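Worksheet for the structure shown next.
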Ligand code: PGA
């Protein structure tokens, strides 16, 4: 059975004290949650080791927002997969559209990062998704297929099994425009079908595919009710503990 996950990507928000406060509030509200959805908190790097020490509830994990595509060395300002793992993270976002847009990440650099993540016991959350012009011109399936082909279908079965995918239509990120549940389901089913063709139906059924893009407490249940939507990658709404918990609880 595939895992249900809700992950909160804080992006470049919350200074150290604010971040610790937010985490404490999230954990407090999670104490009475005993559902099957895993929660992943993905703060800026500098919060991770302290939050790791504070974790007390089950089913609550930490992730990083990025890693270097190099294992170590003279790459000023970079954080390696091994470093991230060593402070207690279990997950890492790879290829978020903001990294692709502002930092020039390509499907190929994503594949290198995913390789390093897996070698260092991190679960990569690989982001794919089309920009608005691509959806308008109807080439979104092609774009997503290429992102999947070049970013993750380069791996063998053993590595592929470790990967979580997030479908994040770029036009929905931070815009308040959410994909409809039908639009999300259509793309998620398409991705699962690609996996089934490349690997096996069983692997496809076991792959967790998250939706991201303006997911909030009022639309989460609808989105997560779709058969191929296994949870969410949440930006803005993960910065508010009540909203984030409501989204986790909606992933039944
Ligand atoms: P959003 O961000 O929820 O603020 O739209 C989602 C994401 O970027 O992962």
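Descriptive notes on the structure:
- Whichever residue in segment 186-215 is over 16 Å from residue 5 (Cα atoms) and assigned to a loop (DSSP other than H, G, I, E, B) and, among such residues, is farthest from the ligand (Cβ to nearest atom): 200
- Against the criterion of being part of a helix (DSSP H, G or I) and within 16 Å of the ligand (Cβ to nearest atom), residue 183 qualifies.
- Within the set 218, 227, the sole residue that is farther than 20 Å from residue 143 by Cα, away from the ligand (no atom under 14 Å from the Cβ) and in a loop (DSSP other than H, G, I, E, B) turns out to be 227.
- Each residue in segment 108-132 was checked for being in a strand (DSSP E or B) and over 13 Å from residue 162 (Cβ atoms), and 2 pass.
- Residue match in segment 13-25 (condition: in contact with a strand residue (DSSP E or B) (Cβ under 9 Å, 6 or more places away or on another chain) and away from the ligand (no atom under 16 Å from the Cβ)): yes
- Taking the numbered list (1) under 18 Å from residue 212 (Cβ atoms); (2) without any contact (Cβ under 8 Å) to a residue 40 or more places away in the chain; (3) out of contact with any helix residue (DSSP H, G or I) (no Cβ under 8 Å at 6 or more places or on another chain) in turn, residue 104 passes all entries but (1).
- Test: residue in segment 202-209 that is without any contact (Cβ under 8 Å) to a residue 40 or more places away in the chain and surrounded by fewer than 18 Cβ atoms within 10 Å (Cβ to Cβ): yes
- Looking across segment 150-168, the residues that are in contact with a helix residue (DSSP H, G or I) (Cβ under 8 Å, 6 or more places away or on another chain) and either without any contact (Cβ under 8 Å) to a residue 24 or more places away in the chain or over 15 Å from residue 115 (Cα atoms) (or both) come down to 167, 168.
- The condition of being away from the ligand (no atom under 14 Å from the Cβ), surrounded by 16 or more Cβ atoms within 10 Å (Cβ to Cβ), modelled with pLDDT of 95 or more and more than 25 Å from residue 131 (Cα to Cα) holds for only one of 246, 241, that being 241.
Let's see how each residue does on (1) part of a helix (DSSP H, G or I); (2) more than 15 Å from the ligand (Cβ to nearest atom):
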| residue | (1), (2) |
| --- | --- |
| 138 | no, yes |
| 143 | yes, yes |
| 146 | yes, yes |
| 149 | yes, yes |
| 159 | yes, yes |
| 166 | no, no |
| 174 | no, no |
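- All positions within segment 210-223 that are buried (at least 24 other Cβ atoms within 10 Å of the Cβ) and either on the phi > 0 side of the Ramachandran plot or touching a helix residue (DSSP H, G or I) at 6+ places or on another chain (Cβ under 6 Å) (or both): 211, 213, 220, 223
The values are calculated or read from the model by the stated rules, or taken from the named source; none is laboratory data. Source: prediction; values computed, not measured. A quick note on method: Cβ atoms are made from the backbone with ideal geometry, for glycine too, and the neighbour counts reach across all protein chains shown.
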